1. Only one residue in Val227, Val237 is on the phi < 0 side of the Ramachandran plot, within 33 Å of the chain's Cα centre (by Cα) and assigned to a helix (DSSP H, G or I). Which one?
2. If I ask for residues that are in contact (Cβ under 8 Å) with a residue 40 or more places away in the chain and touching a Leu at 6+ places or on another chain (Cβ under 9 Å), which ones from region 268-288 would you list?
3. Across region 252-267, what is the total count of residues that are surrounded by fewer than 17 Cβ atoms within 10 Å (Cβ to Cβ), touching a residue at least 12 places away in the same chain (Cβ under 8 Å), outside any strand (DSSP E or B) and not hydrophobic (A, V, I, L, M, F, W, C)?
4. Every residue in region 1-39 that is under 17 Å from Gln100 (Cα atoms), at pLDDT 75 or above and crowded, with 24+ Cβ neighbours inside 10 Å, please.
5. Residues that are assigned to a helix (DSSP H, G or I), surrounded by fewer than 22 Cβ atoms within 10 Å (Cβ to Cβ) and at pLDDT below 70: does region 157-167 have at least one?
6. Using the structure shown, decide if Gln229 is surrounded by 14 or more Cβ atoms within 10 Å (Cβ to Cβ) and either modelled with pLDDT under 85 or aliphatic (A, V, I, L, M) (or both).
Amino acid sequence: MPFHGDRQAQVAAWVSMAVNVMLTLAKGAVGWFTGSRALLADAVHSAADVVGSVAVIIGLRIARKPPDRDHPYGHGRAELISTVVVAALLALAGIDVGYQSVRALWEPPVRPQWASAYAAAAAILVKECLFQYNFRLGRRLHSQSLMASAYDHRSDVFSSVAALAGILLSLAGRRGHAAWLQHMDPVAGAVVAVLVLRMGYRIAWDSVQMLMDRVVEGEALQPYLQVVQAVPGVEQVGDIRVRDHGRYVLVDVKISVNAEITVKAGHDIAVDVKRGLKQAFPRVSDVMVHVNPHYEPGVTADGDVRK
């Protein structure tokens, strides 16, 4: 099922991948030549982002496919799966960065150069711009994978801030002959690892909940209920379930109509319910309406009056 803004989402994913490739190469090269553990850790994070961007691109492409015989509800969950892939890659990158940083604490401190600080500062600016771009577009398009990509960029901002702090403290330790400060570079790398793992867990939790058919509850469900209740002919709403699939929503609702009307009249009311929900909520892609008979109080199913 095509969605407005698919092209914008694809462009955002490609832009993210291109920038991640450039940042990986830049931070990796500067970190290698200057000996900055924190910047190398940040480069590993960006390398994981490249693979994550590829997963987002593939997920968005598959999600655009229309419903078919094997997938009558569409392919929207492909986007959620790509989001889980991004989270898994973040977790793996965080574990690797943490291991390398902790191990470096028992090695002689390497003195980073000012070039590594400049590289980390530039990465902060670039990644914050990418976060704002992906976050606003993802929120407008209700794209779970773009939102995951946005928070991935934000985790890069945090990790680059930690890396910059570690590099500056290490440089200050070298200048002030404080040996313990010279270990702040790998300490910053360990902080980066924790931030990356935390972000990966957050993204994975939200996506897995949607894959498990988490339904809309509480106050968020009330607008849907009010639309159904306002449809002429609906005597009672027995149950309503709204499943959020990220970019689109599926609704299952049970309504009761006058038991004395014809089957066609009951069907027409169900059509009105479906039309009303789609008009009120553009994200609703399909509505399943189950119609039950409604009897006046004191009247049995066979039409007799209860005594």
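The values are calculated or read from the model by the stated rules, or taken from the named source; none is laboratory data. Everything quoted here is computed from the prediction, not taken from an experiment. Positions of Cβ are generated from backbone atoms using ideal geometry, with glycine treated the same way; all protein chains shown enter the neighbour counts.
1. Sole residue among the options that is on the phi < 0 side of the Ramachandran plot, within 33 Å of the chain's Cα centre (by Cα) and assigned to a helix (DSSP H, G or I): Val227.
2. Matches in region 268-288: Ser285, Asp286.
3. 1
4. Lys27, Gly31
5. No: zero hits.
6. no
Residue by residue, here is whether (1) outside any helix (DSSP H, G or I); (2) at pLDDT below 80; (3) touching a helix residue (DSSP H, G or I) at 6+ places or on another chain (Cβ under 7 Å) holds:
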position: Ile124; (1), (2), (3): no, no, yes
position: Lys127; (1), (2), (3): no, no, yes
position: Gln132; (1), (2), (3): no, no, no
position: Leu181; (1), (2), (3): no, yes, yes
position: Gly189; (1), (2), (3): no, yes, yes
position: Gly200; (1), (2), (3): no, yes, yes
